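The values are calculated or read from the model by the stated rules, or taken from the named source; none is laboratory data. Everything numeric in this text was worked out from a predicted model, so none of it was measured. Every residue, glycine among them, receives a Cβ derived from its backbone with ideal geometry; neighbour counts consider all protein chains shown.
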Amino acid sequence: MTEPFVKIRNLVKTFDTPAGPLNVLCGIDLDVVKGDFVALVGPSGSGKTTFLNMVTGIDAPTAGMILVDDIDVVNTHQRSLTRWRGRNIGIVFQFFQLLPTMTVLQNVRVPMDFCDVYEPRDRHERAMALLERLDIADQAHKTPDMLSGGQQQRAAIARALATDPPLIVADEPTGNLDRMSAQNVFNIFSEIREQGRTVIVVTHDRELASDVPHMMLLIDGLLEATTFEAAARRRTQEMHTARLRAEERRKSTQEMDALKGQ
Ligand SMILES: Nc1ncnc2c1ncn2[C@@H]1O[C@H](COP(=O)(O)OP(=O)(O)OP(=O)(O)O)[C@@H](O)[C@H]1O
Ligand SMILES: [Mg+2]
């Protein structure tokens, strides 16, 4: 059997907050094979971004093991990890994180310069080709603050693809896009996957995700395989239970107040 490209065991993340420890990830196990396309869904605040930050080594877990292409993401020194990450993981951040003083074209070129991939003379052309692929070549010479949210998002996707990394990790990469642009982004991810790259994407878009081979639901700090329909059913059930609990609390407060008034 082939070894998984991403191998996660007993991943735990607890944040210290003023209100006490917050257990966000509670012992996640996951294998993602090379060339897989995984969509990660889950309610807001369930820990999707936290999870991606662990996989990319941007943040450290409280406990657990993460191997990406046999690299020990948790225990590798930050300095070597940063260089390795630049070559091996293309990250689309939920809030883009484009460098504000650089043009869009420079933003897309930066990872190639930083990691010294592609010949320097070819980098400009590659960056432009990526911007064209994302349909924003006409924005190349502007700074990110001059772009709409959707244009910034597409620039961030172009940047993530710049070094042609074996793993793409994208945090709601189509949240700001119209249907056609969003479909285009998923088509690009599918093409990348067909070339043997691995894609992990957080999304709320059920229509787009319906074509994704694997869907995982992050809930109560754990991951489970799901379909959008099952995830939606579960969410509806949870909302129903929460409403019933709130109603019970309201009634018991009213009864207490009535007793106090007697
Ligand atoms: N640095 C931090 N310190 C304390 N708590 C944090 C920190 N980062 C995230 N959290 C908390 O962890 C939980 C998960 O946050 P996270 O951003 O991973 O959720 P998410 O699933 O990505 O949500 P969304 O869909 O809204 O983007 C939230 O309750 C959040 O408040
Ligand atoms: Mg998030």
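Right, A162: buried (at least 20 other Cβ atoms within 10 Å of the Cβ), closer than 15 Å to F96 by Cβ and either more than 16 Å from ligand 2 (Cβ to nearest atom) or of a type outside the set (S, T, N, Q) (or both) or not?
yes
Only one of these conditions is not met by T203: (1) polar (S, T, N, Q); (2) within 17 Å of the chain's Cα centre (by Cα); (3) modelled with pLDDT of 95 or more. Which number is it?
Status for T203: all satisfied but (3).
Quick check: anything in region 127-137 basic (K, R), surrounded by fewer than 21 Cβ atoms within 10 Å (Cβ to Cβ) and modelled with pLDDT under 95? Spell out the reasoning first.
Taking region 127-137 as the starting set, the residues that turn out to be basic (K, R) are 133.
Then keep just the ones that are surrounded by fewer than 21 Cβ atoms within 10 Å (Cβ to Cβ); that gives 133.
If we keep only those that are modelled with pLDDT under 95 as well, we get none.
No, that holds for no residue.
Taking the condition at negative phi and more than 16 Å from the chain's Cα centre (by Cα), does F5 pass?
So F5 fits the description; yes.
Read through the list (1) within 16 Å of ligand 2 (Cβ to nearest atom); (2) out of contact with any helix residue (DSSP H, G or I) (no Cβ under 7 Å at 6 or more places or on another chain), then give the number of the only condition that V169 fails.
Every listed condition holds for V169 apart from (2).
Can you pull out every residue in region 31-55 that is more than 13 Å from ligand 1 (Cβ to nearest atom) and either closer than 27 Å to Q78 by Cβ or touching a helix residue (DSSP H, G or I) at 6+ places or on another chain (Cβ under 8 Å) (or both)?
Of all residues in region 31-55, those more than 13 Å from ligand 1 (Cβ to nearest atom) come to 31-39.
Correct list: D31, V32, K34, G35, D36, F37, V38, A39.
So for region 134-141 (the condition being in contact (Cβ under 8 Å) with a residue 40 or more places away in the chain, part of a loop (DSSP other than H, G, I, E, B) and more than 15 Å from ligand 1 (Cβ to nearest atom)), does at least one residue qualify? Give the steps one after another, and end with the answer.
From region 134-141, those in contact (Cβ under 8 Å) with a residue 40 or more places away in the chain are 134-135; that's our starting set.
Right, trim to part of a loop (DSSP other than H, G, I, E, B) and you get 134-135.
With more than 15 Å from ligand 1 (Cβ to nearest atom) added as a condition, the list becomes 134-135.
The answer is yes, given that some residue of region 134-141 is in contact (Cβ under 8 Å) with a residue 40 or more places away in the chain, part of a loop (DSSP other than H, G, I, E, B) and more than 15 Å from ligand 1 (Cβ to nearest atom).
Sort through A182, A209 and tell me the only one that's closer than 24 Å to Q97 by Cβ and either touching a strand residue (DSSP E or B) at 6+ places or on another chain (Cβ under 6 Å) or within 13 Å of ligand 1 (Cβ to nearest atom) (or both).
On the way: A182 fails: either touching a strand residue (DSSP E or B) at 6+ places or on another chain (Cβ under 6 Å) or within 13 Å of ligand 1 (Cβ to nearest atom) (or both).
Answer to the selection: A209.
If you take the residues of region 83-97 that are among the polar types (S, T, N, Q) and within 16 Å of ligand 2 (Cβ to nearest atom), which of them is farthest from V68 (Cα to Cα)? Explain how you work it out, then say what you get.
So the first thing to find is which residues in region 83-97 are among the polar types (S, T, N, Q), and the list is 88, 94, 97.
With the extra rule that they be within 16 Å of ligand 2 (Cβ to nearest atom), the set shrinks to 94, 97.
Values: Q94: 21, Q97: 23 Å.
This residue is Q97.
Considering only residues that are surrounded by 14 or more Cβ atoms within 10 Å (Cβ to Cβ) and in a loop (DSSP other than H, G, I, E, B), which ones fall in region 101-118?
Passing the criteria: M102, T103, V117, Y118.
How many residues does region 25-45 hold that are within 13 Å of ligand 2 (Cβ to nearest atom) and surrounded by fewer than 20 Cβ atoms within 10 Å (Cβ to Cβ)?
So the answer is 3.
What residue, of I66, I89, is in contact with a Ser or Thr (Cβ under 7 Å, 6 or more places away or on another chain) and either surrounded by 22 or more Cβ atoms within 10 Å (Cβ to Cβ) or among the aliphatic types (A, V, I, L, M) (or both)? Give the steps one after another, and end with the answer.
On the way: I66 fails: in contact with a Ser or Thr (Cβ under 7 Å, 6 or more places away or on another chain).
Just a single option satisfies the conditions, and that option is I89.
A182 - would you say it is among the hydrophobic types (A, V, I, L, M, F, W, C) and either at pLDDT 95 or above or surrounded by fewer than 20 Cβ atoms within 10 Å (Cβ to Cβ) (or both)?
No, not satisfied.
Just one of (1) over 26 Å from E229 (Cβ atoms); (2) surrounded by fewer than 20 Cβ atoms within 10 Å (Cβ to Cβ); (3) aliphatic (A, V, I, L, M) trips up L98, so point out which.
Single failed check for L98: (2).
Could you check, for region 60-70, whether at least one of its residues is out of contact with any Phe, Trp or Tyr (no Cβ under 9 Å at 6 or more places or on another chain), farther than 22 Å from R193 by Cβ, within 16 Å of ligand 2 (Cβ to nearest atom) and not polar (S, T, N, Q)?
Checked region 60-70: no residue is out of contact with any Phe, Trp or Tyr (no Cβ under 9 Å at 6 or more places or on another chain), farther than 22 Å from R193 by Cβ, within 16 Å of ligand 2 (Cβ to nearest atom) and not polar (S, T, N, Q).
Being more than 25 Å from E3 (Cβ to Cβ), in a loop (DSSP other than H, G, I, E, B) and among the β-branched types (V, I, T): is that true of T76 here? It would help to see each step written out before you state the result.
Details: more than 25 Å from E3 (Cβ to Cβ): no; in a loop (DSSP other than H, G, I, E, B): yes; among the β-branched types (V, I, T): yes.
Answer is no for this residue.
Give the residue, chosen from D59, D70, D113, that is within 16 Å of ligand 1 (Cβ to nearest atom) and of a type outside the set (A, V, I, L, M).
Just a single option satisfies the conditions, and that option is D59.
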